[in-house]
Amino acid sequence: MKALIQRVGVRLAVIAVMTLCSGAVVASDDVNQIFQMGRAAYYKGDMETAYQLLTQVEARNPKHFETRALLAQIRTHRQPGNASVKASYQSVVLTKIEFSDVTLEEAVEGLRALSKTASDGKIIPNIIIKDQSLATKTLSLNLRNLPLTDAIQYLAGIVGANTTYDKHAVIFSSAATAGN
């Protein structure tokens, strides 16, 4: 009877260890998934989302090198008095956008003028079109009451461009040059 109790005890101990180990693997996978989402947000230029996700990873794994490196970059740009470009553009609400058969370059100039008016001259977006083939693509757009960031995304979507929010500007690039 004593031997039976010992074998059952050993089996229960093995099961308990395996359960704990599988929980660690799940937790590890969860942290990796959060890291991947944070990293993706960082490279898309969404620094707020990246910061929120990567600080969760840092709390669970303070020695994760890439998380620490990305957070260092984000914290450098988040210093007091240094509002992100995306946050300042998000605060500008454009009441009416009407573009008909204009080039992307002309639409960007229109957004600058509309933003200047909507923000009483305080915010004039810096937008760089990296690929000149994008600059000549034509588009039409008719929208009302939306943040400048959404208007920028609509323009990018229509011409098939990727956008990146840099420290000082929004960069439009084609899919082929986005990784460069």
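The values are calculated or read from the model by the stated rules, or taken from the named source; none is laboratory data. Being a predicted model, the structure only gives us computed values, none of them experimental. When we count neighbours, we look across all protein chains shown, and the Cβ atoms used for this are built from the backbone with ideal geometry, even at glycine. Just so you know, the surface numbers come from the protein's heavy atoms only, side chains and all, with ligands and any DNA or RNA stripped out. Shrake-Rupley method; radii C 1.70, N 1.55, O 1.52, S 1.80 Å.
Number of residues in segment 29-76 that are of a type in the set (Gly, Ala, Ser) and surrounded by fewer than 17 Cβ atoms within 10 Å (Cβ to Cβ) equals 4. With respect to the conditions (1) farther than 29 Å from residue 39 by Cα; (2) open to solvent by less than 50 Å² (accessible area, probe 1.4 Å); (3) in a helix (DSSP H, G or I), residue 102 lacks only one, and its number is (3).
Look at residue 157 and say whether it is surrounded by fewer than 17 Cβ atoms within 10 Å (Cβ to Cβ) and within 20 Å of the chain's Cα centre (by Cα). Talk me through it step by step, then tell me what you get.
Details: surrounded by fewer than 17 Cβ atoms within 10 Å (Cβ to Cβ): yes; within 20 Å of the chain's Cα centre (by Cα): yes.
In short, yes.
In segment 34-77, which residue that is at pLDDT below 90 and outside any helix (DSSP H, G or I) is farthest from the chain's Cα centre (by Cα)? Step by step, filter segment 34-77, then rank; the result is 45.
Only one of the numbered conditions (1) open to solvent by 60 Å² or more (accessible area, probe 1.4 Å); (2) outside any loop (DSSP other than H, G, I, E, B); (3) more than 30 Å from residue 54 (Cβ to Cβ) is not met by residue 112, and that is (1). Residues in segment 115-154 that are of a type in the set (A, V, I, L, M) and open to solvent by 60 Å² or more (accessible area, probe 1.4 Å) were compared, and the one that is farthest from residue 84 (Cα to Cα) is 128. Among residues of segment 35-48 that are on the phi > 0 side of the Ramachandran plot, those with a Cβ under 8 angstrom from a residue that is part of a loop (DSSP other than H, G, I, E, B), sequence gap 6+ or separate chain, pair up as 45/166. Residues in segment 78-86: is at least one outside any loop (DSSP other than H, G, I, E, B) and either modelled with pLDDT of 90 or more or among the small types (Gly, Ala, Ser) (or both)? Within segment 78-86, none of the residues are outside any loop (DSSP other than H, G, I, E, B) and either modelled with pLDDT of 90 or more or among the small types (Gly, Ala, Ser) (or both).
Pairing residues of segment 114-133 that are under 18 Å from residue 98 (Cα atoms) with residues that are exposed (fewer than 13 other Cβ atoms within 10 Å of the Cβ), at Cβ distances under 7 Å and at least 6 apart in sequence or on separate chains, gives 118/95.
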